[in-house]
Amino acid sequence: MAGSHDYWLVLLSVIVAVIASYVALDLASRVAAPHRSRSGRWLWLAAGAWAMGTGIWSMHFIGMLAFRLPVAQYYDVPLTLLSGLPAVLASALALFVASRPTLGVPRLLAAGLLMGMGILTMHYTGMEAMRMQPPIRYEPSLAVLSVVIAVSASIVALWSAFRLRMETIWTAFWNKAGSAVVMGSGICGMHYSAMVAARFASGSTCTASPQNIDPPALAGALGGLALLLLLATLLISAYDAYRAARATVQLGDQSRQRVSQGVEAVCHVMTQLRPSGLDQLGLPAALRWHARAFESRTGVRVKVTADETLPRPSPGVQDALLRNYIEALDNVAKHAAARRVEVCLEARGDAVVTSIADQGRGIDATQRLRRDDSSGWGLMIMEERARSLGAELRIHSAPGEGTRVEFVISKDKWS
């Protein structure tokens with residue numbers, strides 16, 4: 001017995017899946033926000049898992065309502081609702097893993113497998129809610145394909161959420177939108193490949209209790225409610241990010257009102273070097289957090305590219321690196337007149353290099369710095385700080401050609 005699909009409802013299910021994926025990426029940044037208390041993180045994790053899981057389940061059920069058989073179709077209501085639980089648990093796992101300090105390949109693969117199994121459990125439990133007699137059979141090769149798609153999509157989702165967890169709706173819209181399309185397509189691909197795998201025997205009947213269901217109307221209402229929930233969650237997340245940015249700006253304004261310019265610079269570095277929770281998130285997250293704070297304060301865009309596979313640096317190395325990083329950003333704001341900064345943390349051969357590059361005014365790097373220069377003190381302190389660790393500070397610049405500051409340290413001294 002062959003089935004068919006209402007393609008308008010299929011389109012609606014895809015839209016819900018993509019928006020749910022985008023909200024998931026944004027929620028990862030809220031759970032991982034360095035200013036968040038432990039209780040606040042758990043609250044965001046629980047609320048985010050519910051919103052994200054509900055969105056994924058809604059996509060699945062809309063896809064079920066889009067399916068047509070030549071016999072009456074009904075659904076076991078308790079089992080249908082219960083099928084949403086694996087989606088919520090899978091979403092909670094995704095947000096938890098994405099907020100961790102590191103995400104190595106073994107953890108990524110294990111979490112992706114568990115998340116994929118959760119989504120598959122949701123789907124096949126929802127299929128059983130039709131209570132078909134004889135029971136639904138599945139084409140093995142297509143069923144395996146649905147498993148591969150579910151696990152692969154989960155791995156991509158986890159990696160994207162981890163990489164973008166320190167970004168906000170304001171700073172990475174297009175990156176998150178592209179990742180959301182990939183993730184949403186993966187979720188839909190799993191669902192519809194599993195539907196193609198389903199085999200309904202000739203003369204099958206649905207034994208679930210009859211309901212007066214108008215599939216297009218129910219799917220439209222469910223899709224509308226799911227989209228409203230997801231958009232409301234996104235607005236709350238955006239407001240939370242806005243408040244965090246305002247708090248950073250207000251803290252800077254209060255400092256400028258209370259202390260002189262010299263003391264303010266010292267306090268700024270000391271108080272922002274380790275905001276609450278940042279040590280737990282790791283160095284790449286710290287670089288992105290300071291970049292977002294710098295953007296909020298100055299309006300200068302900062303792009304951070306960091307190798308997430310690097311081991312954690314020792315506390316001394318991280319402290320010196322972050323101090324130099326903040327000093328370099330402050331020099332950009334004070335002297336470079338640049339509109340964009342690019343930051344890169346990477347391994348180069350036997351060394352780890354952190355570079356901060358702008359396209360601003362530049363300086364004559366061939367001239368020896370003097371302590372009476374406007375930025376000489378800062379650069380000399382940065383150089384001395386690097387030397388104290390056996391590292392090297394390199395400055396590449398020329399008038400009118402921008403400046404690139406590099407903090408270079410050998411891997412054996414990194415950790």
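Any read-out appearing in this document is the output of simple, stated calculations on the displayed coordinates, not a laboratory observation. All values reported here derive from a predicted model rather than from experimental measurement. For neighbour counting, all protein chains shown are included, and Cβ atoms are generated from backbone atoms with ideal geometry for every residue, glycine included.
A few comments on the model shown:
- Evaluation of G178 against the conditions (1) within 20 Å of T54 (Cα to Cα); (2) small (G, A, S); (3) without any contact (Cβ under 8 Å) to a residue 40 or more places away in the chain shows that the sole unmet condition is (1).
- Hits in the range 190-218 (condition: in contact with a Leu (Cβ under 9 Å, 6 or more places away or on another chain), surrounded by fewer than 18 Cβ atoms within 10 Å (Cβ to Cβ) and without any contact (Cβ under 8 Å) to a residue 60 or more places away in the chain): V196
- Subset of the range 114-151 (residues that are of a type in the set (V, I, T) and in a loop (DSSP other than H, G, I, E, B)): I136
- Looking only at residues in the range 86-103 that are under 18 Å from A20 (Cβ atoms) and β-branched (V, I, T), the one that is surrounded by the fewest Cβ atoms within 10 Å (Cβ to Cβ) is V88.
- Note on the range 375-415: among residues that are among the hydroxyl-bearing types (S, T, Y) and assigned to a loop (DSSP other than H, G, I, E, B), the one that is nearest to the chain's Cα centre (by Cα) is S415.
- Within the range 38-85, considering residues that are among the charged types (D, E, K, R) and more than 23 Å from the chain's Cα centre (by Cα), the one surrounded by the most Cβ atoms within 10 Å (Cβ to Cβ): D76
- If you go through the range 1-26 and keep only what is small (G, A, S) and in a helix (DSSP H, G or I), you end up with S13, A17, A20, S21, A24.
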